[in-house]
Amino acid sequence: MKKHSFGEWMIAVRPWSIPASAMPIIVTLAFLFYKGADINWLYGIWALVGMILFHLAGNTWSDYFDYRKKVDADDTFGAKTLTTGMFEPKEIKRLAIGLLAAAIVCGLGLFAVTGLPLLLIGVAGAACTLLYPVLKYNALGDLDILATFAFLPTLGTSYAATGAIDWTVLFIALPVGLITDGILHSNNTRDMHTDKRAGITTMAMGLGSKFSAWLYGFEVIFPYVWIGVCSITGLMPLTTIVIFLTVPVAIGCAKTMISYIEGGIGLIADLDVRTANLQLMFSALLTIALVIGKFI
């Protein structure tokens, strides 16, 4: 087995993707703070750490199966840790199992000091992580991402931090989760031809280029409509309209996706990165707006 540098291990786990899993937790805590909930911040941060571990485990687990299934190859845009020979498949598999074990231990510890609902949510999250490759290969990856990065973590965080499930956190789970799902969907749209070669079926492939582009547009634009309505109706403070500062970024991403239909795959080669940046900006502004809204 080769000796790897710290930098190579970082490439393997892709820490730059952490905002996709961290921001839903952070926004949830901000929303609960705005509502005046009695928050146990230690447990909230504990939930955040556990979610990040699950995410990193999911990254490496997916890379391992994508390589075995030949979804990732020398000519694809996917992770290069295995296709370049940087790591051996068994190394990535062991890393994924180790990270998943750490995430489970973290979750069980939090369950021990909270209650049964958190265990049920955690089991569902672990199942989504383990089953993600299979679900992705059968056009269900987008739904898995919405569950794993939106609905389950926000509900779990509300229970861990307050001792009760607050269903209203779904109001912030949906818009943040849709943009997060846009990261995956832009990936899958870009990779339709190579995914077909590998013999898998993603939602993007099922929809085709045109409808995949329109779905992506919905995923990055509708969150603004949602927050606007929630703000006007009083479900969220008026300060949340600050997220509209990022509308030009969202429109730019949507236009890029639509233009690729005639302009070619090269136009959306880095759209997943741009969408991830959008998610981070949107979520960060939403978090700040909720905190400020508490004092206005």
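Every residue, every condition in (1) part of a helix (DSSP H, G or I); (2) over 13 Å from the mean Cα position of the chain (by Cα); (3) under 20 Å from Ala147 (Cα atoms), yes or no:
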| site | (1), (2), (3) |
| --- | --- |
| Trp9 | yes, yes, no |
| Trp16 | yes, no, no |
| Ala22 | yes, no, yes |
| Leu29 | yes, yes, yes |
| Gly36 | no, yes, no |
| Tyr43 | yes, yes, no |
| Trp46 | yes, yes, yes |
* **Flag for Leu235 being closer than 17 Å to Thr287 by Cβ, of a type outside the set (Asp, Glu) and assigned to a loop (DSSP other than H, G, I, E, B)** => yes
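Has the stretch 231-246 got at least one residue that is under 26 Å from Ala204 (Cα atoms), crowded, with 22+ Cβ neighbours inside 10 Å, without any contact (Cβ under 8 Å) to a residue 60 or more places away in the chain and in contact with a helix residue (DSSP H, G or I) (Cβ under 6 Å, 6 or more places away or on another chain)?
Within the stretch 231-246, one or more residues are under 26 Å from Ala204 (Cα atoms), crowded, with 22+ Cβ neighbours inside 10 Å, without any contact (Cβ under 8 Å) to a residue 60 or more places away in the chain and in contact with a helix residue (DSSP H, G or I) (Cβ under 6 Å, 6 or more places away or on another chain).
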* Filter the stretch 255-286 for residues that are within 16 Å of Trp214 (Cα to Cα), at pLDDT 95 or above and surrounded by fewer than 21 Cβ atoms within 10 Å (Cβ to Cβ) and give the result. => Lys255, Thr256
* For the stretch 207-225, state whether one or more residues are farther than 27 Å from Ala127 by Cα, of a type in the set (Phe, Trp, Tyr) and crowded, with 18+ Cβ neighbours inside 10 Å. => yes
* Given the residues Thr162, Thr194, Thr202, which is the only one that is at pLDDT 95 or above and either of a type in the set (S, T, N, Q) or on the phi > 0 side of the Ramachandran plot (or both)? -> Thr162
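For the condition out of contact with any Ser or Thr (no Cβ under 6 Å at 6 or more places or on another chain) and over 20 Å from Tyr137 (Cα atoms), what is the one hit in Lys69, Lys3, Lys80?
Step by step, each of Lys69, Lys3, Lys80 is checked, and only Lys3 is out of contact with any Ser or Thr (no Cβ under 6 Å at 6 or more places or on another chain) and over 20 Å from Tyr137 (Cα atoms).
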* Matching residues in the stretch 195-212 - criterion: being small (Gly, Ala, Ser), touching a residue at least 60 places away in the same chain (Cβ under 8 Å) and part of a helix (DSSP H, G or I) -> Ala198, Gly206
* Do we find that Asp74 is assigned to a helix (DSSP H, G or I), within 28 Å of Asp270 (Cα to Cα) and modelled with pLDDT under 85 in this structure? -> no
* To do: Check the stretch 77-86 and report whether any residue there is among the β-branched types (Val, Ile, Thr), closer than 23 Å to Val273 by Cβ and modelled with pLDDT of 85 or more.
  => no
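The values are calculated or read from the model by the stated rules, or taken from the named source; none is laboratory data. These figures come from a predicted structure and were not determined experimentally. For neighbour counting, all protein chains shown are included, and Cβ atoms are generated from backbone atoms with ideal geometry for every residue, glycine included.
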